[in-house]
Structures are given as C-alpha cells and as structure tokens.
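Asks: The structure follows.
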Amino acid sequence: MLANLYGITGKDQYLRLAQRFDKKVFFDPLAAHRDELKGLHVNTHVPQVIAAARLYELTGDKRYRNIANYFWDEVTGERSYCTGGTSNFEHWRSEPGVLSTELSPLTAEDCCVYNMLKLTRHVFAWSPQASHMDYYERVLFNHRMGTIDPETGTTVYHLPHGNGYSKIYAKPFDSFWCCSGTGAEEFAKLADTIYFHDDNSMFINLYIPSDVNWTEKGIRITQQTSFPAEQGTTLTISAGKPVDVDLKLRVPYWAKNGSVKVNGRLLPTFADPGSYLVLRRPWKNGDRIELSLPMSLHVAPMPDKETLQAAMYGPLVLAARFEEEPRERWYRHFTAAKEEKPSSTLQFKGQLNDPSSWLEPAGGKLAFRAVSQNQTVAFASLSSILHERYSMYHEINESNS
Ligand SMILES: [Zn+2]
C-alpha cells in the first residue's frame, strides 16, 4: 500500500516508509536463492513479496525483482499442491518439495493463492511465460472456483487436501475470516488477467467467455466458450479497418494435440504445450479463430512420493466424491475441522504415469470412475464438488497391474 502510495504521489517519504517494512530475514535468503520459508506464516509473507514486486517496478532495483521471481518459482514449484494451493495450518511446515506429509483439513488457505495470483500478474508482466498462466489457470479452475458456495456466496477458509474432508463455508452472519474478505475481492476479479497486451501483441491467457476492446489499436476480440466443459475456444474479431497486431494464444501444458483454424482453415503448424501460439496477420472485421485444446488424463504426483497422486483431466483436478454431508455441516466455523479425522487413503492398481490404467469415463461431462480393490469410486472435478466429502491424493500400486 505504501509502495502504491509512492507510485501515485511520487513523494519520497512514502517510498522510504515502504522500505522500512522490507523484512531482511525474509528477503535476504530469497535474494540469495535460498528457500528458508519453512516455519513462516504464509499469508503474511506473500503480500511482502507483492510489495517487493511493486518496488521493483517503481525503483528499478533488480534485487526486488530477483526476490519476487525466486519466491514465485519456489512456491509454485516446490510448495504447491495439485490445485495450486499452498500452506498447511496457514504455514509452510516442511522442507521444499515435501508435501506428502502436509495433508490435512486445514491446507491451502484461500488468501494465499489469492495473493499468489496477484504476484503472478507482476512476474508475468515483466517476462511473459506460458508457465505463469498455466499456474494461474490451475489455481483459478481448481482452487478458487471450487471455494465459493453458490447458495449463500460465502467462501471457505481452507481447501482441504487431506482425505475425506468436506469444504466448510462461512456462515452468512457469524463466521467471517480473512478469506471472506479476499473472497469478496476474488470473485469480483474473475475477468482479470484473461488478456494482457504489450506494444503490438495481445496475450490470450485464459479461456473464459469475455470481450476485450483494445481501443488504441481499434480491435475488439470476443471469446465464446464453455471451457472447461468445452475443450477449446472461439475468438471473433471486430475492427473498423484491418489491424496489424500479433495474437498470442496460450497452449496449456496439458494440451498435447491442439490445433487451430482461422476462418475455417486448419493451420498446418501449432505450438508446443506450455507456450504461446503466435498468429500474425492484419486482422479484419469478422475474422474467426477456433482453438482446439483436447484434454486427456494425466497425473500430479506428490513431489516427494511418486506413488501418491492426484489425477487430472486437462486443467482440472479430479477428486473421488463420497457421500454428501448433512446440511448442518455445510456452514460452520472452520475450527470444527480440527476435530475431524481423515479417512484412509484410497489404493488403486495401475500405472504410475497413466491414470487411464485405473480411471475411466463414466458418461456425462467430466465424470469418471475408478475401481479399487473392493469398490467403485466416482470422480468429478474438484471445483464441482460442493458439499460432499472427497479425496484428491491416492496411492497407486503398480504391482499386479
Ligand atoms: Zn485467509
């Protein structure tokens, strides 16, 4: 806030005051690329890195940029679950890359990823990488979209990654927490970050029905899709006269066999997963781009335990869905979760790197089922699970498969 105040006013006093809050014991190891995050409270530290990012933008001091980039890489690469969520009991409690011991009902506080999305916008703006937006999509479609109750509009505090818990939503009048505040901001910002532009190109980062008007260039792009139910998107151009800009479409890391048509004609080339497909031409009114992004099953193993895995379909984490909780358990105080015990980890026989060996489509959109030793288990996208108990991480046993 103080850095932003300096940005708005240009008064040095606010810059000096902002920098009085630089926490040396936190920033110095990050600047030296050492992960000493274990033991820290997550959501009081992510905003300090957002401040570092902003101070780099305002002062040009590369140390701040270095801190922000290293922190972003470390948290998203070493300290995030399959949903993109981070934290357990509000803290980083393990060494980097150790998450199999960090499964509980109080994992992945909402505010932490909310603030990580803010930080992602900064690091992306300095040097746009598809991996930044792969992370953004992972968080948005699994964590954030899966943490609001459509009936009351209240949000959860933690997204449980431990086995057999359910989401606990705030009560409308007497159980508010920090994540109620960031939740209110978050769901008013769903249109953020779908598009970015630089001098002469538009980045189409996220596949969400929307409309963007780049007034300086005189071009408007309308995006129509029901993604992720639909495996792709369609963009239509509106322009008074032909406009010579590059359109950069993100090809997600999970899209192995994508293709694109422009005005109905299939282009002979495409881009690798995890990069941007660049389309160059003068764009004219009515031009139409159809992007196909086929989804398939893949795994998100624990970084420290390969046999403990979550299954994913395209960008979506698939969770085993158990019985619905009685209504009186939907809206509670989050501390109630501390008293609950996890259910045992489900075991499936199959190949470690191929979830189609133990998971199959079950008819209907985004529905799957798996067969364990003694039961058939229904799977659905995590964000579609509202009041049922669920589990995301399962033990895959290759023997006898
Ligand atoms: Zn919070």
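Asks: Filter the stretch 19-28 for residues that are without any contact (Cβ under 8 Å) to a residue 12 or more places away in the chain and more than 19 Å from N4 (Cβ to Cβ) and give the result.
Replies: K24, V25, D28 - these are the residues of the stretch 19-28 that are without any contact (Cβ under 8 Å) to a residue 12 or more places away in the chain and more than 19 Å from N4 (Cβ to Cβ).
Asks: Also: With (1) of a type in the set (S, T, N, Q); (2) surrounded by 13 or more Cβ atoms within 10 Å (Cβ to Cβ); (3) at pLDDT below 90 as the list, and Q375 as the residue in question, which single condition is left unmet?
Replies: Only one criterion is unmet by Q375, namely (2).
Asks: Looking only at the stretch 70-127, which residues are among the basic types (K, R), more than 16 Å from the ligand (Cβ to nearest atom) and either without any contact (Cβ under 8 Å) to a residue 24 or more places away in the chain or under 19 Å from A51 (Cβ atoms) (or both)?
Replies: Of everything in the stretch 70-127, just one residue is among the basic types (K, R), more than 16 Å from the ligand (Cβ to nearest atom) and either without any contact (Cβ under 8 Å) to a residue 24 or more places away in the chain or under 19 Å from A51 (Cβ atoms) (or both), namely R121.
Asks: When only residues in the stretch 168-179 that are buried (at least 18 other Cβ atoms within 10 Å of the Cβ) and over 11 Å from Y331 (Cα atoms) count, which is nearest to the ligand (Cβ to nearest atom)?
Replies: C179
Asks: Here's another thing I want to ask about it. Is it the case, given these coordinates, that A130 is among the hydrophobic types (A, V, I, L, M, F, W, C), under 16 Å from the mean Cα position of the chain (by Cα) and within 14 Å of the ligand (Cβ to nearest atom)?
Replies: Spelling it out, it is not the case that A130 is among the hydrophobic types (A, V, I, L, M, F, W, C), under 16 Å from the mean Cα position of the chain (by Cα) and within 14 Å of the ligand (Cβ to nearest atom).
Here's the yes/no breakdown for (1) under 20 Å from S210 (Cα atoms); (2) touching a helix residue (DSSP H, G or I) at 6+ places or on another chain (Cβ under 6 Å):
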{"position": "R250", "(1), (2)": "yes, yes"}
{"position": "V262", "(1), (2)": "yes, no"}
{"position": "N285", "(1), (2)": "yes, no"}
{"position": "H298", "(1), (2)": "no, no"}
{"position": "P301", "(1), (2)": "no, no"}
{"position": "E328", "(1), (2)": "no, no"}
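Asks: Let me ask another. Among residues belonging to the stretch 140-162 that are touching an Asp or Glu at 6+ places or on another chain (Cβ under 7 Å) and farther than 25 Å from A311 by Cβ, point out the one that is surrounded by the most Cβ atoms within 10 Å (Cβ to Cβ).
Replies: Among those residues, the one meeting the criterion is Y157.
Asks: How many of the residues making up the stretch 133-154 are within 16 Å of the ligand (Cβ to nearest atom), more than 18 Å from H45 (Cβ to Cβ) and of a type in the set (A, V, I, L, M, F, W, C)?
Replies: Qualifying residue count, the stretch 133-154: 1.
Asks: Does Y165 satisfy the condition of being surrounded by 14 or more Cβ atoms within 10 Å (Cβ to Cβ), within 16 Å of the ligand (Cβ to nearest atom) and either over 16 Å from the mean Cα position of the chain (by Cα) or small (G, A, S) (or both)?
Replies: No.
Asks: OK, next. All but one of (1) more than 30 Å from H298 (Cβ to Cβ); (2) surrounded by fewer than 20 Cβ atoms within 10 Å (Cβ to Cβ); (3) not acidic (D, E) hold for L55; which doesn't?
Replies: Condition (2) is where L55 drops out.
Asks: Which fully enclosed helices (runs of 4 or more DSSP H) of the stretch 1-62 have 1 or more residues being of a type in the set (V, I, T)?
Replies: 2-9, 24-31, 46-59
Table: residues versus (1) more than 27 Å from the chain's Cα centre (by Cα); (2) at pLDDT 95 or above; (3) outside the structural domain of A380 (by TED's automatic domain parsing).
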residue	(1), (2), (3)
V251	no, yes, yes
A255	no, yes, yes
G264	yes, yes, yes
W283	yes, yes, yes
P301	no, yes, no
A310	no, yes, no
A320	no, yes, no
A337	no, no, no
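Asks: Another question about this same structure. Consider only pairs whose beta carbons are under 6 Å apart and that are at least six residues apart or on different chains; among these, list those whose first residue lies in the stretch 29-44 and is touching a residue at least 12 places away in the same chain (Cβ under 8 Å) and whose second residue is hydrophobic (A, V, I, L, M, F, W, C) and assigned to a helix (DSSP H, G or I).
Replies: Cβ pairs passing all conditions: L30/I67; L30/F71; A31/I67; V42/C112; N43/C111; N43/C112.
Asks: Report whether or not E306 is touching a Lys or Arg at 6+ places or on another chain (Cβ under 6 Å) and either under 22 Å from E151 (Cα atoms) or not in a loop (DSSP other than H, G, I, E, B) (or both).
Replies: no
Asks: Name the residue that is surrounded by the most Cβ atoms within 10 Å (Cβ to Cβ), counting only residues in the stretch 76-127 that are among the β-branched types (V, I, T) and in a helix (DSSP H, G or I).
Replies: Ranking the qualifying residues of the stretch 76-127, first place goes to V113.
The values are calculated or read from the model by the stated rules, or taken from the named source; none is laboratory data. Computed from a predicted structure; not experimentally measured. When we count neighbours, we look across all protein chains shown, and the Cβ atoms used for this are built from the backbone with ideal geometry, even at glycine.
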